[in-house]
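Notes to accompany the following structure.
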Amino acid sequence: MSHLTIPEFQQYKKQGKKLTVVTAYDALFTRIVEEAGLEVILVGDSLGMVVQGKPNTLSVTMDEMLYHTRMVAQTAKRALVIGDMPFLSYQANLDEAVRNAGRFLQVGAAAVKIEGGMPVIERVEAMTRFGIPVMGHVGMTPQSVNQSGGYRVQGKDRAGAERILQEAKALEAAGVFALVLECVPSSLANTITQELSIPTIGIGAGQGCDGQVLVLYDLLGLFDDFVPKFVKPYAHLKADALQALRRYKEEIECGKFPTDAESYQ
Ligand code: KIV
């Protein structure tokens, strides 16, 4: 079975087919995501919050991202795997950015994602020149949470919307194969989607994008520390897990588990 390629991914937009993207961080969920028929996995630095329990994504390291990306990429049979470049892995200088991006490909990712607009244009040009496909990410960019003052909708006023539109166009011209639009008004996401020929992938950006991405644990109802407005829980696995664990404890305490059925005679 062959992996979905970047040109095939881009064809979705031309064919008017919606793209479904989800995050995954380990082999177990990669298998489940693929069994459900999803074809694009982002190994997001959101793992800093949902796996590591940190308040934001800023402390996630290259080694941690490579560890998770390797697990996902080794397991995925069909999905296009995208590795999310963590804070400080591409900002400091161009050489380091290209080298770190290449390390994601060495552990099996097909592409990388980086956050930001004009400051990363040179990075995108260099990475794509050396054969490293890059997904862009504009709007609310979690790695800039200290500058933006929180996880807020971006591009609400005319100047902000114009800035994000210009960033999107510049990123497309620099060579990104797709663009994540996070927490921007639907009208702005629609305009960007119409103006670009590459796919837009929305998260809190409305219906008009070419595809959607959500954090896996959010959509499964596993992570409820903070549930943004744009998340729709399609399952309630935290509630199921709590119920199972409480029953397990009760049954051990009252002698109902294990029975002969779970024991060797
Ligand atoms: O880190 C992440 O999971 C992301 C997506 C939610 C877009 O950047």
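Odds and ends about this structure:
- Among the residues of region 175-204, those identified as part of a loop (DSSP other than H, G, I, E, B) and closer than 25 Å to Glu125 by Cβ are Gly175, Val176, Phe177, Val184, Leu196, Ser197, Ile198, Pro199.
- Test: residue in region 18-39 that is within 28 Å of Glu125 (Cβ to Cβ), among the polar types (S, T, N, Q) and assigned by TED's automatic domain parsing to the domain that holds Val180: yes
- Just one residue in the set Gly208, Gly221 is in a loop (DSSP other than H, G, I, E, B), touching a His at 6+ places or on another chain (Cβ under 9 Å) and either of a type outside the set (S, T, N, Q) or exposed (fewer than 15 other Cβ atoms within 10 Å of the Cβ) (or both); that residue is Gly221.
- Residue check, Tyr12 buried (at least 19 other Cβ atoms within 10 Å of the Cβ), touching a Pro at 6+ places or on another chain (Cβ under 7 Å) and touching a residue at least 24 places away in the same chain (Cβ under 8 Å): yes
- Yes/no for Gly131 being within 25 Å of Asn93 (Cβ to Cβ), of a type in the set (Gly, Ala, Ser), assigned to a loop (DSSP other than H, G, I, E, B) and within 16 Å of the ligand (Cβ to nearest atom): no
The values are calculated or read from the model by the stated rules, or taken from the named source; none is laboratory data. Since this is a predicted model, take the numbers as computed values, not measurements. Reconstructed Cβ throughout: ideal geometry from the backbone, glycine too, with neighbour counts over all protein chains shown.
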